[in-house]
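Novice: Have a look at the structure that comes next, please.
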Amino acid sequence: MALRIGRSRLPVLLDSKGMTQAQLAQRLNVSDSFVSKVARGEKHLSLIKSREAAIILSCYIDDLYEWIDTEEGKR
């Protein structure tokens, strides 16, 4: 199975924790604009920052994004 990153789930996860993008940015030590771009799907978090975000948001790294099966329909 081959997967690729789909839509960011950050807005939903932040909302469920009552946290703003600015608060997450501060805790990740990145800019507010970077987190905004991640939430819009224009950028992706590095593996290290994904792990940190998952810890902050009490979720798994896989929960940060929707995942798309790139082999679906090829069979």
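The values are calculated or read from the model by the stated rules, or taken from the named source; none is laboratory data. All values derive from a computational prediction rather than experimental measurement. Cβ placement follows ideal geometry from the backbone for every residue including glycine, while neighbour counts extend to all protein chains displayed. To get the accessible areas, we keep the full protein, side chains included, count just its heavy atoms, and leave off ligands, DNA and RNA. Shrake-Rupley method; radii C 1.70, N 1.55, O 1.52, S 1.80 Å.
Novice: Given springs between every Cα pair under 10 Å in a Gaussian network model of the chain, which of 27, 40, 51 has the largest fluctuation?
Specialist: So, out of 27, 40, 51, the one fluctuating most is 27.
Novice: Could I ask something else about it? Computed over the Cα atoms, what is the radius of gyration of the chain divided by 2.2 N^0.38 Å, N being its residue count? Intermediate results must be reported in sequence, preceding the final value.
Specialist: Details: Rg = 13.0 Å, N = 75, 2.2 N^0.38 = 11.3 Å.
Here the answer is 1.15, to two decimals.
Novice: Report the charge-dipole magnitude of the chain in Debye, nearest 20, computed about the Cα centre from +1 at each Lys and Arg Cβ and -1 at each Asp and Glu Cβ. Could the numbers behind the result be given before it?
Specialist: Numbers: 12 positive and 10 negative charges, 31 e Å.
The dipole magnitude comes to about 140 debye.
Novice: Considering only protein heavy atoms and a 1.4 Å probe, what is the carbon-and-sulfur percentage of the accessible area of the chain? Intermediate results must be reported in sequence, preceding the final value.
Specialist: On the way: 2550 of 5180 Å².
That fraction is 49 percent.
Novice: Pick out, from 16, 48, 60, the residue whose Cα sits farthest towards the positive end of the charge dipole of the chain, with +1 on the Cβ of Lys and Arg and -1 on the Cβ of Asp and Glu.
Specialist: 48
Novice: Over the chain, average the accessible area per residue using a 1.4 Å probe and give it in Å², no decimals. If you can, show how the numbers build up before the last one.
Specialist: Working: 5180 Å² over 75 residues.
Averaged over the residues of the chain, the accessible area is 69 Å².
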